[in-house]
Amino acid sequence: MKWQGRRGSNNVEDRRGMGGGKMVFGGGIGGVVILLLVALLGGNPGELLNSMQGMTGTESSAPYEETAKEKEQAEFVSVVLADTEEVWKEVFEKKGMQYREPKLVLYTGSVQSACGAASSAVGPFYCPGDQKLYIDLSFYDELQSKFEAPGDFAMAYVIAHEVGHHVQTLEGTMDKLAPLRQKLSEQEYNKYQVRLELQADYYAGVWAHHAKGMDILEEGDLEEALNAATAVGDDTLQKKGQGYVVPESFTHGTSAQRKRWFYKGFKTGKMEQGDTFKAGKL
Ligand SMILES: [Zn+2]
């Protein structure tokens, strides 16, 4: 991706080195299970994190000393966020809607959000409660090593996916889904959760479509994003993690589905064709 020397976003909130404090899980084992659910490109609606208790921490006043690599990664994230602002502002305007830009919080280790406390183990996430994205830059390396999805555009996809959840929040989709969580069994709710996640992938693709139009994509970028979308599919992760697949427990969709919806968004560039809730085949 051509990102160097380009405009960064004003919406980055740097909380690195502040320490989120000690994390206390409300639900014992339950809390741990929830944490696992949130993990892996979670970006989940707030309720999951809500069940974790707040934390008591002290903030250090010393400024965070970033390495040259971290500085570059932070700049990259900021440029990608700025690109998403540009694209979604335009897309929303065309629909007669107004895009409210989300904030992006950089943190190290653990962080406090309106959705509760979280550690970097959950991966990047979006909290609808405060409309902020939370990213520990160490995920950039994890993407390459653990998920085997290298490349800057793989990381751009991750950011664009979380921004996709912000778009869903502005559209009111998050609010519509929230009551279902109380009403349905976990297994039933997961089906909605998968559609929510696939739509976020679709929106990431819509963004990538416009990024291509802005001439900031390089050779191999699309493949990096498709590879990343494939790498974080529930079936692939479960096979890797436990050796077998439990489809009822899927929360994000299979590798094939994630790749397909991202690519569909990339092809069309239009929000309208991303209604995963109405789609017969995912
Ligand atoms: Zn997500």
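Just read off the accessible area of ASP14 with the full protein assembly in place, 1.4 Å probe, to the nearest 10 Å².
80
Ratio of region 69-179's C-alpha Rg to 2.2 N^0.38 Å, to two decimals?
Here the Cα radius of gyration is 1.09 times the empirical estimate.
Once every DSSP H run of n ≥ 4 in the chain is given -39500 (n - 2.57) and the sum is divided by its residues, what mean residue ellipticity at 222 nm do you get, rounded to the nearest 500 deg cm²/dmol?
Calculated at 222 nm, the ellipticity per residue is -16500 deg cm²/dmol.
For SER113, what residues show an amide H to amide H distance below 5 Å, using hydrogens built from the backbone and excluding near sequence neighbours?
Sorted by chain and number, the residues that satisfy this are ALA118.
When a/c is below 1.5 the answer is rounded, else prolate if a/b is larger than b/c, else oblate, so apply that to region 77-119 with a ≥ b ≥ c taken from the square roots of the Cα gyration tensor eigenvalues.
Judged from the Cα gyration tensor, region 77-119 comes out oblate (a/c at least 1.5, b/c at or above a/b).
May I ask you to rank ARG260, ARG6, ARG16 by accessible area, largest first, using a 1.4 Å probe over the protein chains only?
ARG260, ARG6, ARG16
Which three lengths, in whole Å and largest first, does the chain cover when its Cα atoms are put on their principal axes?
Each principal axis gives a Cα extent; for the chain these are 47, 46, 40 Å.
Across region 95-102, in residue order, what do the Karplus-derived ³J(HN,Hα) couplings come to in whole Hz, using 6.51 cos²θ - 1.76 cosθ + 1.60 with θ = phi - 60° and x for Gly and Pro?
My calculation for region 95-102 gives 9, x, 10, 10, 8, 9, 6, x Hz in order.
How would ASP136, ASP215 line up by accessible area, probe 1.4 Å, largest first?
Highest to lowest solvent-accessible surface, that is ASP215, ASP136.
Could you pull the Cα extents of region 126-191 along its three principal axes, largest to smallest, in whole Å?
Sorted largest first, the three principal extents are 40, 26, 16 Å.
If ligands, DNA and RNA are left out, what is the accessible area of MET214 with a 1.4 Å probe, given in Å² to the nearest 10?
Rounded to the nearest 10, that gives 60 Å².
Rolling a 1.4 angstrom probe over the protein chains, ignoring ligands and nucleic acids, what is the accessible area of SER78 in square angstrom, nearest 10?
My reading of the accessible area for SER78 is about 20 Å².
So how do LYS281, LYS132, LYS89 rank on accessible area, 1.4 Å probe, biggest first, that is with the largest at the start?
LYS281, LYS89, LYS132
With respect to the cross-link table entries LYS259/LYS281; LYS132/LYS176; LYS2/LYS212; LYS71/LYS103; LYS191/LYS278, which display a Cα-Cα separation exceeding 21 Å?
Where the Cα-Cα span goes over 21 Å, no listed pair is concerned, since all stay within it.
In terms of the Cα gyration tensor, with a ≥ b ≥ c the square roots of its eigenvalues, is region 139-273 rounded because a/c is under 1.5, prolate because a/b exceeds b/c, or oblate?
It is oblate, given that a/c is not under 1.5 and a/b is not larger than b/c.
The values are calculated or read from the model by the stated rules, or taken from the named source; none is laboratory data. Fair warning: this is a prediction, and the values are worked out from it, not measured in the lab. Keep in mind that these areas ignore ligands, DNA and RNA; they rest on the heavy atoms of the full protein, side chains included. Shrake-Rupley method; radii C 1.70, N 1.55, O 1.52, S 1.80 Å.
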